[in-house]
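Working notes for the structure below.
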Amino acid sequence: MNLSFLLPQTKRLRDAPVVIVPALLLLGRLSGQSLDAHPSQDEIVELSPFAVRPGGADDRYAPAEAISGGRVRTTIFDASQNVSVVSGELLRDVAAIRILDATKYVAGVTESTIPNGLDRITIRGFQTSSRTLDGITTVAQSNLEPVLIERLEIVKGPNAILAPAGVPGGTINAVSKKPLFLSRNTLSAEAGLFDSQRLELDVNQVVGAGRKLGVRLLGAAQETDDWWGLPKKLRILAPMFTYRFSPTSEFTWQTHYIDWKITNYNGISIDPTAGTTNEAKLYQGIPRDFNIFGSDSFRGDGRIENTYLFTSKLTDSWSLRLQGRHSNVFRENFATTNLAGGSTAAGVNSDSFNPLTGDYTPGTVYARTSPYAATPVAISRTFNRSGQIADLSRLSYDQQVDLLHVGEPVAGSKTETLLGGAYGYMHETDFRNALTAPAVTLEHFVYSPNVVGAVSRNQVAVNKTSQVYISERVTLLQGRLIVNGGYSRNRFDLSTNDLLGKVHPHVVRHVDLFNGGIVAKLVSDVALFYNFSKNAAPLPTVNIAAGGPSTQDGDQQEGGVRLQFLNGRLRATGSYYHVKQNNVSVANPGNFAFPPPVPLLPTLLSNRVAHGVEIELQGSVTDDLSVMAAFTKYRNRNPFGQEFRGNAEEAWAAFVHYRLPKAMRMHGLSVGVGVDYLGKRPGDDANGFTPAGIKRKPTFYLPARTLANLTLAYAPTPTWTLQVNVDNVFNEEYLAASLGRGIVWPGTPTNVKARLTYAF
């Protein structure tokens, strides 16, 4: 895809270094540090409190620190909020295609409703469809590429500082790869049965005699077919540099160029006989890799993102962090013609819900008055097809500033005061057309092109957000008692020019948010923690009715215990949480009707309550044996107790990695085994009531499944590494995800991938 049209819009950014660099030079001089002095060989570089140390051999799967809980480096064992980290080592060991391949070993993080795009992930039963990279949140059609990621930090629950408008279940903050002050270069080639065939490059060098400049280049190219034979194309180029003014001040610039395109695949239908009480299976009599989508159905994501980061220790007590990002994104035309049923039994017949139980029973309709007589009806196997084609583009600017003061008022105590602010601007155009295609029967399917219909959406949205906050953390009694609290003042200014509906809603809201927590260490390796936090997010202006709500808001309370073993190398966490949320967006089932409504209907709003238990184990048992394990059991329902689509309210997963010790003959050989279980999930949202006043249940469930994966790697020398990954080792047939009865993704079968890495 040609992204040259994006370049003119980055003109404003071209002159940014002209303004930024002199300002940084001035800041460096105000801090009393010489920015021109060449560091000596003995000069010790002091790590910024806004960065984390690279992981070592003793914390391969359990890095000890994170920055995402409150923007400042914190020891995870001392954090009042529940934070988990997925290391870069785990991402590489599982050969992650998307971040869920690794984060599924974190309690509360599971598959959502779309496995091949949007980074849709469920956290504590709440769906997220956005990416947070280095604390800045954007949206994308593509999945976030692991080649760009150093590590993932998962902050459970709402966070008034990191993500005041974020998903209630939590935030996955991806920490990007940045230049390192060492020489390390790798070239990797991967081949496999499907969804593979890629090259990756990582070049990192230190430039100049003074060793002040570190440069890095990340690259990836992929042209492959997925299991259904649909082509996927990826190009990534990410040049970056870090200039070290002094041992305590440095400036980093990153550019991410991403060109991603994949032929669309929205699954197929479950068998029309599937109901609430029987086991749902894919449409019987057709193969698992059956595909109704042609080459004119695709989704794409092209983006150029430029990020700068400046950190400096101004005095012995004060530290500064400045970060900004310019992002220009074009979400290429993507057409979907999904299977829809209208009012036929191939879709959802409202009269097929048993009035006395709420169960959906295909092949039967019930009278709407007592005694609700049942009548058999034929089950239709003809599917209407509908969807949309869309052009979306988004231009955004984000700026953040943090000022940290660290003090020691009395011996054995420590205070950390964080002052900060953030500003975001987003301009988005959203143009869509309705699509239809001739009705089909899957047994005798013949492909026919999409028919472009009327314009279903034509909007221009401008969102401006600002945030100021203060956070205080006090450590007492030689680290045995830690108390923290924060306040965030947020302003949301949202406007939409709906050219189709001829309305121009404009909403300005101010929201005050609070968070706090406490950690108490009874003994050095046992920590009790408690936290509370509030969050609020503006609703899209198209969802705001006259006199209706304009904000999604809620709060969470959580308490738990952490244990450390083996001198801190192994960490266990157990917690219980309770989340309340108002006005959470839920997909409007009316948009799946045939033909689709014009204009599209706004999403529905629902209040939700979630509570559950999570248990995690992360770390290294020995230098050569590492483990990640997680268990979660929760309940996430609307006020009537009805379930939400895609929520598996019980899940567990474990990954164990062992490498042969150095003393053994085959040193360099390692093996990893991963197993993950996902309980049954509603295939669609339960909503409404029967004529007898009984709440309706989901029309079908995706059955529970257990998958096993295997990793084998051999590094005979520091230069060469061969890694083989086998996903779904036992070739289990399962249903991966679902948007509705006609949009179900079959799980992929066994896939074997081999990666050869050369270090130079």
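Rounded to a whole number of µm²/s, how large is the Stokes-Einstein D of region 106-187 at 37 °C and 0.692 mPa s, given Rh as the Kirkwood radius over C-alpha pairs? D, rounded to a whole number, is 241 µm²/s. In this structure, the pairs whose alpha-carbon distance is over 20 Å, taken from LYS414/LYS534; LYS212/LYS313; LYS534/LYS580; LYS313/LYS464; LYS464/LYS580; LYS580/LYS697, are LYS414/LYS534; LYS313/LYS464; LYS464/LYS580; LYS580/LYS697. For the listed residue pairs LYS633/LYS662; LYS156/LYS521; LYS178/LYS232; LYS178/LYS662; LYS177/LYS261, the alpha carbons are over 32 angstrom apart in LYS633/LYS662. Protein-only accessible surface at a 1.4 angstrom probe places the residues HIS444, HIS427, HIS256 in the order HIS444, HIS427, HIS256, largest first. Karplus-based coupling profile of region 278-292, in residue order and whole Hz: 10, 7, 6, 10, 4, 3, 6, x, 10, x, 4, 9, 4, 9, 9, with θ = phi - 60° in 6.51 cos²θ - 1.76 cosθ + 1.60 and x standing for Gly or Pro. Only the Cβ atoms of Lys and Arg (+1) and of Asp and Glu (-1) were treated as charged; on that basis the dipole of region 601-743 about its Cα centre amounts to roughly 440 debye. Going by accessible surface with a 1.4 Å probe and the largest first, VAL85, VAL752 read VAL752, VAL85.
Once you sort the root eigenvalues of the Cα gyration tensor of region 195-298 as a ≥ b ≥ c, which label holds: rounded (a/c under 1.5), prolate (a/b larger than b/c) or oblate (the other case)? Before the final figure, lay out the partial values.
Working: a/c = 4.59, a/b = 2.98, b/c = 1.54.
Prolate, since a/c reaches 1.5 and a/b exceeds b/c.
Relative to the dominant Cα principal axis of the chain, helix 16-30 is inclined by about 40°. Share of carbon and sulfur in the accessible area of region 379-505 stands at 61%, probe radius 1.4 Å. Compute log10 of I(q)/I(0) for region 61-112 with the Debye formula, placing one identical point scatterer on every Cα and leaving out solvent, at q = 0.23 Å⁻¹, to two decimals. One equal scatterer on each Cα of region 61-112 leads to -0.92. Here is the list for region 468-522: trypsin sites (Lys or Arg not before Pro) lying in DSSP coil, each with at most 14 other C-beta atoms within 10 angstrom of its C-beta, are LYS502. Remark: C-alpha extents of region 124-279 on the principal axes read 72, 42, 20 Å, sorted largest to smallest.
Which of the GluC sites (Glu not before Pro) across region 243-320 are loop residues per DSSP, with 15 or fewer other Cβ within 10 Å?
Those that pass, being in a loop and sparsely packed, are GLU279.
For a quick protection proxy, order the peptides 656-668, 132-144 by their average other-Cβ count within 10 Å, most packed first.
Result, highest mean first: 132-144, 656-668.
Considering all alpha-carbon pairs of the chain, what whole percent are spaced by more than 33 angstrom?
Of the Cα pairs, 53 percent sit more than 33 Å apart.
Just how far, in whole angstrom, is region 259-330 from region 663-706 if you go by their alpha carbon centroids? Region 663-706 and region 259-330 have Cα centres separated by 19 Å.
The values are calculated or read from the model by the stated rules, or taken from the named source; none is laboratory data. These numbers come from a predicted model, not from an experiment. Glycine gets a Cβ as well: all are built from the backbone with ideal geometry, and neighbour counts include every protein chain shown. Note: accessible area is taken over every heavy atom of the protein model, side chains too, but ligands, DNA and RNA are not part of it. Shrake-Rupley method; radii C 1.70, N 1.55, O 1.52, S 1.80 Å.
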